[in-house]
Each structure stands twice: as C-alpha cells, then as structure tokens.
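**Q** Structure below; questions to follow.
Values in this text are rule-based calculations from the coordinates and carry no lab data. Because the structure is a prediction, the values reported are computed rather than measured. Backbone-built Cβ (ideal geometry, glycine too); neighbour counts: all protein chains shown.
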Amino acid sequence: MVTVPTTIAILGGNSVAGRALEALLQGAGYDTRLIEDPPERTPEQLLEGVRLLLLAPTLNTESREALLAEMGDPLAAANIPVLTLSTTIREALGDGPVSIPWPCRLEELTRKIDAALLPVPDVGKSVV
C-alpha cells in the first residue's frame, strides 16, 4: 500500500519563519506548499490537494483575517482545518482558528497537525 504524504499549505510563507516551517515539516514527512502574502492564485488553486492550512506566525491579525475571508468558501467547502501559529498569548487563547503558541517544539506542532486531521465522527448516525 502506498501512502501519499499530507499536504500542508503555509500561509505567509514569504518570510524566514515560513521557509523554516516548510523545511521542518518536510523533514517530518509532510508535503508543503508556501502561499505568499498576498496570494498570486485563486483560493481554489491554492487549496487544491491541501489537507491543512497553517498560518505562519509572521502574519499580522489584519492580514490573517483578510486572507481567511478571501479563502472562506473554498476552505469551508473542502473542509480544510486551519491552525494558527501565534506569538502572543492573547491571540493563542482567542476565538477563531485553533492557535498554537509559537515558537513551539516540532513534536508539539506535528501532534496538533495530526489531531486536526483526525476525522470527526458523525454524531447521530448509527453504525450498522
């Protein structure tokens, strides 16, 4: 059986942090796709084949919110989870996408990624 690596899109990848995340995640066995800020393609093109969207810690709140709003419908339609790397406690504890305090250990980041990718059971459907 051949397994296909999970593709993670890194939004805000035109920074040193984005490039470092790319290298770390590739080393952990993930495929990555850097998305520049501002993106150069349509949200549908950017998200094709992506299983998770990771927001780099270098994105400011306004840029992050604008980019997520722009990607909203395709992101929701593809049911792609979003994780935010946050350098502030307030953002890490805030509403919105799941936030991970940054910097963090690679093991912690991969654990959060794997947890976000777990299938959500359908509540109310019986298993026969």
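**Q** Give, as a single signed number, the net charge of other residues whose beta carbon lies under 13 Å from the beta carbon of I8, with Lys and Arg counted +1 and Asp and Glu -1.
**A** 0
**Q** Highest first, please rank the peptides 39-46, 98-105 by the mean number of other Cβ atoms sitting within 10 Å of their residues.
**A** Highest to lowest by the protection proxy: 98-105, 39-46.
**Q** Please give the length that would be gained between A66 and T110 if that part of the chain were fully extended, namely 0.36 nm times their separation in residues minus their C-alpha to C-alpha distance (nm, one decimal).
**A** 13.2 nm
**Q** Another one. Compute, for the range 7-117, the length of the dipole vector about the Cα centre, with Cβ point charges of +1 (Lys, Arg) and -1 (Asp, Glu) only. Units Debye, rounded to 20.
**A** Here the range 7-117 has a charge dipole of around 360 debye.
**Q** Using +1 at the C-beta of Lys and Arg and -1 at the C-beta of Asp and Glu, which of T6, L47, T58 has the Cα lying farthest in the positive direction of the dipole of the range 1-87?
**A** So the residue furthest toward the plus end is T6.
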